[in-house]
Amino acid sequence: MRNPGKNLSVTANNIRMSYSDEGPAEAPVIIFIHGFPFMKEMWRTQADALTDVYRVITYDVRGHGHTEIGDAEFTIDLFVGDLFGLMNTLHIQNAVLCGLSMGGYIALRAMEDHAEHFDALILSDTQCVGDSPEAKEKRRKAIENIKEHGVVKYADESVKHLFAPSSFDTKKESVDAVKAMITHTSTQTLINTLQALATRKETCSGLGNISVPTLVMVGKEDVITPVTAAEFLKEHIKDSSLHIVQQAGHLPNLENTEDFNFQLKLFLHRFAKPPVISNPILVD
Ligand code: MLT
């Protein structure tokens with residue numbers, strides 16, 4: 001039986017996973033996967049904008065937010081196993097998948113493994129390449145810095161690259177919220193996930209097999225997964241479109257929520273069923 005609500009927990013793939021399950025039971029399901037090192041609350045405004053018509057699932061990736069870290073070695077494949085574990089436990093056969101950055105890496109791997117479970121994809125600020133030797137070296141240095149200087153310093157450094165310059169003036173609340181998400185993350189999760197990101201496999205060679213409708217979005221000023229990475233996805237996924245979000249860096253859903261949500265709704269429109277009106281207005 002479904003148990004809707006916010007901040008619920010369930011055992012899946014041998015860990016307690018924290019998730020929210022909102023919206024009508026019979027509505028099309030959308031699963032949102034957050035980036036590194038954030039948590040499901042980064043999707044709050046998207047969930048609030050969609051729950052009248054969609055069943056929206058947001059969850060904390062292993063070790064993040066309120067989901068347990070478990071004993072297994074962190075890999076993107078493990079995160080994909082967690083996603084399918086959650087879907088099985090919640091009896092979700094099919095869903096639209098929306099992933100931002102690391103969430104996109106997980107979504108693209110999930111598509112390679114079991115595309116039949118997904119009706120559409122939204123890929124935001126993500127890429128299909130694996131880490132270059134330089135990127136791997138940066139992750140190694142980040143791990144050293146976290147061990148030496150702690151999580152607060154890591155959070156201060158990270159936000160500098162996550163947002164468009166203008167967002168530091170116009171979106172102070174989001175900048176603070178993201179900093180808080182990073183500092184909430186345990187040192188062990190940061191280290192384990194940085195290692196998982198560094199060792200992830202490319203998913204570019206599988207893009208040609210993606211046949212579901214796909215919306216690619218990217219912040220115009222994203223310096224982590226830039227517009228060129230989004231253009232590559234658009235060029236190689238058959239039924240895809242690209243939208244570049246103005247006044248946004250790596251987190252367009254927070255930096256230009258209005259545009260992000262508008263595009264999201266426009267894209268999702270085709271999967272929507274009309275909302276159930278319990279008290280119809282009678283006209284004579
Ligand atoms: C993210 O936002 O998930 C990260 O920037 C991904 C990465 O570092 O590759």
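The values are calculated or read from the model by the stated rules, or taken from the named source; none is laboratory data. Keep in mind that this is a model prediction, so the values were computed, not measured. Here the Cβ positions follow ideal geometry from the backbone for every residue, glycine too, while neighbour counts run over all protein chains shown.
Among the residues of segment 106-125 satisfying the criterion of being closer than 15 Å to G206 by Cα and either of a type in the set (D, E, K, R) or part of a loop (DSSP other than H, G, I, E, B) (or both), which is nearest to the ligand (Cβ to nearest atom)? Residue satisfying both the conditions and the ranking: R109. Residues that are surrounded by 15 or more Cβ atoms within 10 Å (Cβ to Cβ) and of a type in the set (V, I, T) within segment 1-33 comprise V10, I15, V29, I30, I31, I33, listed in sequence order. Screening segment 131-196 for helices (runs of 4 or more DSSP H) wholly inside it with 3 or more residues that are within 15 Å of the ligand (Cβ to nearest atom) and either in contact with a helix residue (DSSP H, G or I) (Cβ under 6 Å, 6 or more places away or on another chain) or under 21 Å from D60 (Cα atoms) (or both) returns the ranges 133-149, 151-162, 172-184.
Within segment 180-204, count every residue that is under 16 Å from R44 (Cα atoms) and either surrounded by 15 or more Cβ atoms within 10 Å (Cβ to Cβ) or touching a Pro at 6+ places or on another chain (Cβ under 9 Å) (or both). Steps first, please.
Of segment 180-204, the ones under 16 Å from R44 (Cα atoms) are 180-181.
Next, only the ones that are either surrounded by 15 or more Cβ atoms within 10 Å (Cβ to Cβ) or touching a Pro at 6+ places or on another chain (Cβ under 9 Å) (or both) stay: 181.
Residues flagged as under 16 Å from R44 (Cα atoms) and either surrounded by 15 or more Cβ atoms within 10 Å (Cβ to Cβ) or touching a Pro at 6+ places or on another chain (Cβ under 9 Å) (or both) within segment 180-204 amount to 1.
Of the set (1) assigned to a loop (DSSP other than H, G, I, E, B); (2) hydroxyl-bearing (S, T, Y); (3) modelled with pLDDT of 95 or more, all apply to S278 but (3).
Please go through segment 80-105 and give me each residue that is part of a helix (DSSP H, G or I) and under 22 Å from N261 (Cβ atoms), ordered by number. Break it down into steps so the answer makes sense when it comes.
Here is the first cut: in segment 80-105, the ones part of a helix (DSSP H, G or I) are 80-89, 102-105.
Those that are part of a helix (DSSP H, G or I) and under 22 Å from N261 (Cβ atoms): M102, G103, G104.
Assessment of segment 221-230 against the conditions (charged (D, E, K, R), surrounded by fewer than 17 Cβ atoms within 10 Å (Cβ to Cβ) and over 17 Å from the mean Cα position of the chain (by Cα)) yields no matching residue.
Name the one entry in V159, V129, V53, V151 that is surrounded by fewer than 22 Cβ atoms within 10 Å (Cβ to Cβ), at pLDDT below 95 and aliphatic (A, V, I, L, M).
Criteria check complete, one pass: V53.
Can you name the residue in segment 69-79 that is in a loop (DSSP other than H, G, I, E, B) and within 16 Å of the ligand (Cβ to nearest atom) and is also surrounded by the most Cβ atoms within 10 Å (Cβ to Cβ) among such residues? Give the derivation first.
Pass one, segment 69-79, residues in a loop (DSSP other than H, G, I, E, B): 69-75.
With within 16 Å of the ligand (Cβ to nearest atom) added as a condition, the list becomes 74-75.
On the way: F74: 22, T75: 18.
Once the filter is applied, the top-ranked residue is F74.
Listed by first and then second residue, the pairs linking a residue in segment 1-17 that is on the phi < 0 side of the Ramachandran plot to a residue that is loosely packed, with under 14 Cβ neighbours inside 10 Å, with Cβ atoms under 6 Å apart and 6 or more places separating them unless they lie on different chains, are R2/A25; S9/R16.
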